[in-house]
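**Q** What follows is a single structure, and I will ask about it in a moment.
The values are calculated or read from the model by the stated rules, or taken from the named source; none is laboratory data. Given the structure is predicted, the values throughout are model-derived calculations rather than measurements. We place every Cβ from the backbone using ideal geometry, glycine too, and count neighbours over all the protein chains shown. In case anyone asks, the SASA skips ligands and DNA or RNA and just uses the protein heavy atoms, side chains included. Shrake-Rupley method; radii C 1.70, N 1.55, O 1.52, S 1.80 Å.
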Amino acid sequence: MTQKNQTLGEFIIENQSSFKYTSGELSRLINSIRLAAKVVNYEVNKAGLVDILGAAGDTNAQGENQQKLDVYANEKFIQMLTNRNIVCGIASEEEDDFIAINSYDKNNQNKYVVLIDPLDGSSNIDVNVSVGTIFSIYRRVTPVGTPVVLEDFLQKGKEQVAAGYIIYGTSTMLVYTTGHGVNGFTLNPAIGTFYLSHPNMTFPKSGKIYSVNEGNYIHFPQGIKDYIKYCQQEEDDRPYTSRYIGSLVSDFHRNMIKGGIYLYPQSASYPSGKLRLLYECNPMAFLAEQANGKASDGFQRIMEVQPTRLHQRSPFICGSPMMVDDVEAFLCVANK
Ligand code: P6P
């Protein structure tokens, strides 16, 4: 149930009873993400004013140049989640391995693990384009009080208990689901409070926006090439509009509101796709499905994929359900 001008804190309390299993821990976990979002937002919004731009001179687990804000956001989310003693483990795009949180303490009854992309779209930071944080939350599968292990993180996306993103854009929003629909909260920076601004967000069944890096066109699978040409044909409600920000959270957010589809297929640079299954594809897929959208690797529901590695990548097709169905049909025909 949603009330006008409800704050995120009020929303969490009011909907606590609908969180499966929780004894308030999931609420506290969402609250710690809320605080981290405000802290990171403050730095992101003043990035152009202080010498925090530019690469940190290091590279992350993916061998990509780390931006200083990547490092800062990673540190802040890990710090907030650790200090509140809510989770037993954290995995991050910026960390080679997962981080065990006090899980050698047999009295540690924390049952959640969190996987994060601390600052997605970071290549946009220095050019003042929206970036985002993506998070995914699971219950651990090994007994509480024992050391958290890789198996606790390598779970199918359909096992997620919550997922969401923060978009640091013209306004800062926290959008998340606990399996009961998707709700968006906008930050009032003057008082540091998130207000329910987008209750029950849902993807339109179809749309006229497609988001893909067409610079990779010649390396796309034939079915993807065929779909892009389909989008460009002058027929029926087409041609569609191409909109690609280079920031998954921003493209996803616009497409969820207006209707549309995001595609990151296999390419020459990324033969398995660029996006990471565990902390990009799966959380965005959980949100998409909870918003009546779809998310696939082109051939199967992405949340059915069994992960085998922490940083594994996957092709990713996500958005309005009828548009995802179209892409899968083109891929199926091309693969016959
Ligand atoms: P490309 C950002 O690095 C990201 O992971 C997504 O946010 C974004 O959609 C994509 O990669 C952009 O990749 O290869 O088109 O620059």
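**Q** So residue 88 fits all but one of (1) part of a helix (DSSP H, G or I); (2) under 23 Å from residue 178 (Cα atoms); what number is the exception?
**A** All conditions pass for residue 88, except number (1).
**Q** Also, I was wondering about something else. Take residue 18 and decide whether it is at pLDDT 85 or above, in the same structural domain as residue 94 (by TED's automatic domain parsing) and of a type in the set (Ser, Thr, Tyr).
**A** no
**Q** Look at region 209-224 and say how many of its residues are surrounded by fewer than 17 Cβ atoms within 10 Å (Cβ to Cβ) and away from the ligand (no atom under 14 Å from the Cβ). Before the answer, list the steps.
**A** Of all residues in region 209-224, those surrounded by fewer than 17 Cβ atoms within 10 Å (Cβ to Cβ) come to 213-215, 217-219, 222.
Filter once more, keeping what is away from the ligand (no atom under 14 Å from the Cβ): 218, 222.
Qualifying residue count for the region: 2.
**Q** Right, something else. Please determine whether any residue of region 126-137 is away from the ligand (no atom under 16 Å from the Cβ) and either surrounded by 23 or more Cβ atoms within 10 Å (Cβ to Cβ) or in a loop (DSSP other than H, G, I, E, B) (or both).
**A** Filtering region 126-137 down to residues away from the ligand (no atom under 16 Å from the Cβ) leaves 137.
From what is left, the residues that are either surrounded by 23 or more Cβ atoms within 10 Å (Cβ to Cβ) or in a loop (DSSP other than H, G, I, E, B) (or both) are 137.
So far as region 126-137 goes, yes, one or more of its residues are away from the ligand (no atom under 16 Å from the Cβ) and either surrounded by 23 or more Cβ atoms within 10 Å (Cβ to Cβ) or in a loop (DSSP other than H, G, I, E, B) (or both).
**Q** Check residue 259 against each of (1) closer than 16 Å to residue 216 by Cβ; (2) more than 12 Å from the ligand (Cβ to nearest atom) and name the one condition it does not meet.
**A** Among (1) closer than 16 Å to residue 216 by Cβ; (2) more than 12 Å from the ligand (Cβ to nearest atom), residue 259 violates only (1).
**Q** Return yes when residue 225 is of a type in the set (D, E, K, R), at pLDDT 95 or above and in a helix (DSSP H, G or I) and no when it is not. Let's see the steps before the verdict.
**A** Values: of a type in the set (D, E, K, R): yes; at pLDDT 95 or above: yes; in a helix (DSSP H, G or I): yes.
Judged against the criteria, residue 225 is a match.
**Q** Still on this model: Yes or no: region 164-172 includes at least one residue that is open to solvent by 20 Å² or more (accessible area, probe 1.4 Å), more than 16 Å from the ligand (Cβ to nearest atom) and assigned to a strand (DSSP E or B).
**A** Among the residues of region 164-172, not one is open to solvent by 20 Å² or more (accessible area, probe 1.4 Å), more than 16 Å from the ligand (Cβ to nearest atom) and assigned to a strand (DSSP E or B), which makes the answer no.
**Q** Going by the structure shown, is residue 236 away from the ligand (no atom under 16 Å from the Cβ), open to solvent by 10 Å² or more (accessible area, probe 1.4 Å) and on the phi > 0 side of the Ramachandran plot? Show your work before the answer.
**A** On the way: away from the ligand (no atom under 16 Å from the Cβ): yes; open to solvent by 10 Å² or more (accessible area, probe 1.4 Å): yes; on the phi > 0 side of the Ramachandran plot: yes.
Considered against the rule, which asks whether it is away from the ligand (no atom under 16 Å from the Cβ), open to solvent by 10 Å² or more (accessible area, probe 1.4 Å) and on the phi > 0 side of the Ramachandran plot, residue 236 comes out as yes.
**Q** Of everything in region 239-277, what is open to solvent by less than 60 Å² (accessible area, probe 1.4 Å), under 19 Å from residue 169 (Cβ atoms) and of a type in the set (Lys, Arg)? Give them in sequence order.
**A** 254
**Q** Additional query: Which of the residues spanning region 138-154 are out of contact with any Ser or Thr (no Cβ under 8 Å at 6 or more places or on another chain), open to solvent by 20 Å² or more (accessible area, probe 1.4 Å) and of a type outside the set (Ser, Thr, Tyr)?
**A** 139, 140, 141, 143, 144, 150
**Q** Restricting to region 239-250, and then to whatever is in contact with a Lys or Arg (Cβ under 9 Å, 6 or more places away or on another chain) and part of a loop (DSSP other than H, G, I, E, B), can you tell me which residue is farthest from the ligand (Cβ to nearest atom)?
**A** 239
**Q** Another one. In contact with a Lys or Arg (Cβ under 9 Å, 6 or more places away or on another chain) and over 19 Å from residue 220 (Cβ atoms): does that describe residue 313?
**A** no
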